[in-house]
Amino acid sequence: MAIPVSSIVLLWKYFFHGQGLLNGFLHLFGISGADWMNTKYSFWILVFTYLWKNIGYDVILWLAGLSAIPESIYEAARVDGAGERECLFYITLPNLLPSFFTITVLSLLNSFKVFREAYLIGGSYPEEHMYLLQHVFQNWFRDLSLDKLSAAAVLVFFIIFVLILLLKNRLQKEDNI
């Protein structure tokens, strides 16, 4: 688990460092660069890192959801006179709701694991724009504040649980319509 994260971190450090590739590219156009990981853009670089790292996994899950829809449903709809738009809105999208739920839940859970990248990029005290909830946990681990860690873990569990229940209820309401 640590090798892919550290390789991504090394790539982004090389790219966004004060003497990195991005600044070299900007220098070609006469634009002065910056140490991007120590600016207000560091949070958005972290978001881009998360998306870049997880987009392949999500695409595979979407393709699995699409391949699970039987072709016979589309054929029957076309025989009944449905066009491409009707097939999209009445067959494809409703049949992708279970995949949407799974992908959303997994993406939400993975977003809480972005601490590793933030810690490896910024160290113990990163730039304030990417000072994440997980960084607080890291400080509590270092200080062995087990009472705070336990309370925070329970709180984060309930927040994630409520978000998943809200998403599931919303999808079930749309499915029943």
Subset tally (residues that are in contact with a helix residue (DSSP H, G or I) (Cβ under 7 Å, 6 or more places away or on another chain) and among the hydroxyl-bearing types (Ser, Thr, Tyr)) for segment 1-40: 2
Selected residue (criterion: nearest to the chain's Cα centre (by Cα)) from residues of segment 77-112 that are of a type in the set (D, E, K, R) and surrounded by 13 or more Cβ atoms within 10 Å (Cβ to Cβ): 86
Subset tally (residues that are hydrophobic (A, V, I, L, M, F, W, C) and within 19 Å of residue 113 (Cα to Cα)) for segment 1-36: 9
Pairs with Cβ under 8 Å, 6+ apart, first in segment 58-77 and closer than 25 Å to residue 109 by Cα and small (Gly, Ala, Ser), second in a loop (DSSP other than H, G, I, E, B) and modelled with pLDDT under 95: 65/96
Some residue of segment 43-57 being loosely packed, with under 12 Cβ neighbours inside 10 Å and in a loop (DSSP other than H, G, I, E, B): no
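Yes/no matrix, rows are residues, columns are (1) of a type outside the set (Ser, Thr, Tyr); (2) modelled with pLDDT of 80 or more; (3) touching a Ser or Thr at 6+ places or on another chain (Cβ under 6 Å); (4) farther than 30 Å from residue 98 by Cβ:
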{"site": "129", "(1), (2), (3), (4)": "yes, no, yes, yes"}
{"site": "133", "(1), (2), (3), (4)": "yes, no, no, no"}
{"site": "136", "(1), (2), (3), (4)": "yes, no, no, yes"}
{"site": "144", "(1), (2), (3), (4)": "yes, yes, no, yes"}
{"site": "147", "(1), (2), (3), (4)": "yes, yes, no, yes"}
{"site": "152", "(1), (2), (3), (4)": "yes, yes, no, yes"}
{"site": "173", "(1), (2), (3), (4)": "yes, no, no, no"}
Segments classed as helices (runs of 4 or more DSSP H), wholly inside segment 62-122, with at least 1 members that are β-branched (Val, Ile, Thr): 71-79, 97-111, 115-122
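The values are calculated or read from the model by the stated rules, or taken from the named source; none is laboratory data. As the structure is a computational prediction, the values presented were derived from the model and not from experiment. Cβ atoms come from the backbone with ideal geometry, glycine included; neighbour counts cover every protein chain shown.
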